[in-house]
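Read the structure below first, then the notes.
The values are calculated or read from the model by the stated rules, or taken from the named source; none is laboratory data. No experiment lies behind these values; they were computed from the predicted model shown. For neighbour counting, all protein chains shown are included, and Cβ atoms are generated from backbone atoms with ideal geometry for every residue, glycine included. All accessible areas refer to the heavy atoms of the entire protein, side chains included, with ligands and DNA or RNA removed. Shrake-Rupley method; radii C 1.70, N 1.55, O 1.52, S 1.80 Å.
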Amino acid sequence: MKNALNRKMDKILAREEAGKIKRGLQNRALRKMFANKLSIAGIIIFALILFACCAAPLFTRYSSTKIDLRSILQPPSSAHIFGTDKIGRDVFSRILYGGRISITVGLGSALIATVIGVSLGTVAGYKGGKFDGIVMKISEILMAFPQMILVLILVTITGQSLWNLIFIFSMTGWPSMYRMARSQMLSIREEEYVQALKAFGISSFRIAFVHMLPNAIGPIFVNITLSTAMFILQETSLSFLGLGVPLEVSTWGNILNAAQDILILRDAWWVWLPTGIIVTLFVISINFIGDGLRDATDPSQIGSIS
């Protein structure tokens, strides 16, 4: 009986190594993802804006930084489809080139925070002990401060630059990822299959990162999308206040910074309204994608679509 059980367990592990089980789950998750109309709309909007920003030279011949004093505050026209700003720069070009920076800040910060937080949370949740206690205290200290206030303090200390902003967002964003990954590991580590893997002498690293972490991947994906949207909005807010990326660099926040002038806000809507719409659409698309990923990777709902 024991030998038969051992042979059955060996077959299951071999099939998992070959990827047969995982492919079935992935295919089912993809079908569920593409059955969600809002997530499809989010993917389309996200892809269109991302492609337009990455391929900006294909869509505009203007520089995002070149000043043209003869074209100050021109309304939308065939020459400048989104008009020009108060020093003659083409707004459409600034939106496209600025999107590169804003998306890089948002997505880059979210990915770095995820790698740090999930790695620490996976180890701490599985092993526990003093390491878990120390990291938990550090995360509690960071989360005790309102994140925007903490970011403002760190920006004041480190100075305004693109890389400083990514570093600050990553360092202030990982605690939420850590606590989410830790809680998932704490609930999963008592499962029977984890105890069986321990009994077969599989290493703790392999159990935690190969067998347990994939079962928590749904909340992680959702958290990445939410963090990306949050960091883009934070960069936009900081740059609008003049405390984010230096003003000479095109970002969505720096474009909106011009709306602090009441005359621009009232009489030159084309300077800030298109940018605001693009930021709103991009953040909404990320949230739609996150909702679709959550539903598609939720183990409790994985069998709802065959």
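Residues are listed down the side, and each one gets a yes or a no for (1) over 21 Å from the mean Cα position of the chain (by Cα); (2) of a type outside the set (Ser, Thr, Tyr); (3) part of a helix (DSSP H, G or I):
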residue	(1), (2), (3)
88	yes, yes, no
116	no, yes, yes
132	yes, yes, yes
152	no, yes, yes
Within region 113-136, does at least one residue satisfy the condition of being surrounded by 17 or more Cβ atoms within 10 Å (Cβ to Cβ), modelled with pLDDT of 90 or more and touching a Ser or Thr at 6+ places or on another chain (Cβ under 6 Å)?
yes
Restricting attention to region 178-188, does a residue exist that is in contact with a Pro (Cβ under 7 Å, 6 or more places away or on another chain), in a helix (DSSP H, G or I) and closer than 20 Å to residue 217 by Cβ?
yes
Pair list, Cβ under 6 Å, 6 or more apart: region 48-69 residue part of a loop (DSSP other than H, G, I, E, B), other residue modelled with pLDDT under 90
64/250; 67/87; 67/88; 68/88
Identify all residues within region 181-209 that are among the aromatic types (Phe, Trp, Tyr), within 24 Å of residue 112 (Cα to Cα) and open to solvent by 60 Å² or more (accessible area, probe 1.4 Å); write none if there are none.
205
All-but-one check, residue 264 against (1) in contact with a Lys or Arg (Cβ under 8 Å, 6 or more places away or on another chain); (2) outside any helix (DSSP H, G or I), failing number (2)
Within region 163-180, does at least one residue satisfy the condition of being more than 30 Å from residue 248 (Cα to Cα), of a type in the set (Lys, Arg), open to solvent by less than 60 Å² (accessible area, probe 1.4 Å) and modelled with pLDDT of 85 or more?
no
State whether the residues of region 268-275 include one that is in a loop (DSSP other than H, G, I, E, B), out of contact with any helix residue (DSSP H, G or I) (no Cβ under 7 Å at 6 or more places or on another chain) and buried (at least 16 other Cβ atoms within 10 Å of the Cβ).
yes
Within region 58-81, count every residue that is open to solvent by 60 Å² or more (accessible area, probe 1.4 Å), touching a helix residue (DSSP H, G or I) at 6+ places or on another chain (Cβ under 7 Å) and under 18 Å from residue 268 (Cα atoms).
2
